[in-house]
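Structure, as structure tokens:
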Amino acid sequence: MDNELINVNSWWNRNWKWFLPTFIVLFLLVFGLVFSSSIDGNVTDIAKAYSDNSLYEIAIEKAKTNKRVLEVIGELEPVNKLAILEGNVIYSNNNNSVKLSIRIKGNKGKGKMDIAANKNGNEWEYEKINIRIKDPKEEIQILKEKKQ
């Protein structure tokens, strides 16, 4: 009997010829999908809203003065940066108009805040600020949209 050792190649040595090209093709497909889809524009819009604190902080301050908001949601907490990433943001008009929807939280409940605003110089002028609540299903208008 021979007691020779059997030399077994590693997984990588046996499979690199098909794994590497497959990985590269999949990476390029995913990369292409991300940059060719509409999500690309949304990513830049979210980044702009993320960096512009005054956009949502002033809206929160206006909502804190509403009696119904205090009854249903309670004292509003500052907006978490993660709420902006989870929200929906659409800039238009050369980034001078924005429609934003973010989650908000208070000591009694939570909801979604919808904001529509236009930039005038360095200041945001709000057209609409609403808070939507699931339980009870209600929409609280902080600032009503002007009809033209």
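When exposed loop sites are taken as GluC sites (Glu not before Pro) in a DSSP loop with at most 15 other Cβ atoms within 10 Å, the longest stretch of the chain clear of them is 5-74. In summary, the helical segments of the chain meeting the span-like criteria, namely a full DSSP H run, a Cα extent along the axis of 20 angstrom or more and a mean Kyte-Doolittle hydropathy of at least 0.5, are 11-36. As a rough footprinting exposure proxy, the listed residues Leu5, Leu55 were ranked by other beta carbons within 10 Å of their own, and the order from fewest upward is Leu5, Leu55.
Once percent of Cα pairs over 27 Å apart is worked out from the coordinates, which option in (i) 19; (ii) 26; (iii) 44 does it equal? Answer by label: (iii). In terms of other Cβ atoms within 10 Å, Leu28, Leu100 run from fewest to most in the order Leu28, Leu100.
Multiplying the residue separation of Glu139 and Leu82 by 0.36 nm and removing their Cα-Cα distance gives an extension gain of 18.2 nm. Computed from the C-beta positions of Lys128 and Glu75 and an R0 of 22 Å, the FRET efficiency is 0.45 to the nearest 0.05.
Taking R0 as 25 Å, what's the FRET efficiency between Asn95 and Lys67 from their Cβ-Cβ distance, rounded to 0.05? Computed FRET efficiency for Asn95 and Lys67: 0.15.
The order of Arg132, Arg14, going from fewest to most other C-beta atoms within 10 Å of their C-beta, is Arg14, Arg132. In this structure, Lys110 and Leu20 have a Cβ-Cβ separation that, at R0 = 41 Å, corresponds to a calculated FRET efficiency of about 0.30.
Note on the chain: GNM, Cα springs under 10 Å; of Val89, Val30, Val72, the largest mean-square fluctuation is that of Val30.
Estimated from helical segments only, the mean residue ellipticity of the chain at 222 nm is -13500 deg cm²/dmol, where each DSSP H run of four or more residues counts as -39500 (n - 2.57).
We did not get these values from a lab; they are worked out from the coordinates using the rules stated. Note that this is a predicted model, so its numbers are computed, not measured. Cβ coordinates were reconstructed from backbone atoms using ideal geometry, including for glycine residues, and neighbour counts include every protein chain displayed.
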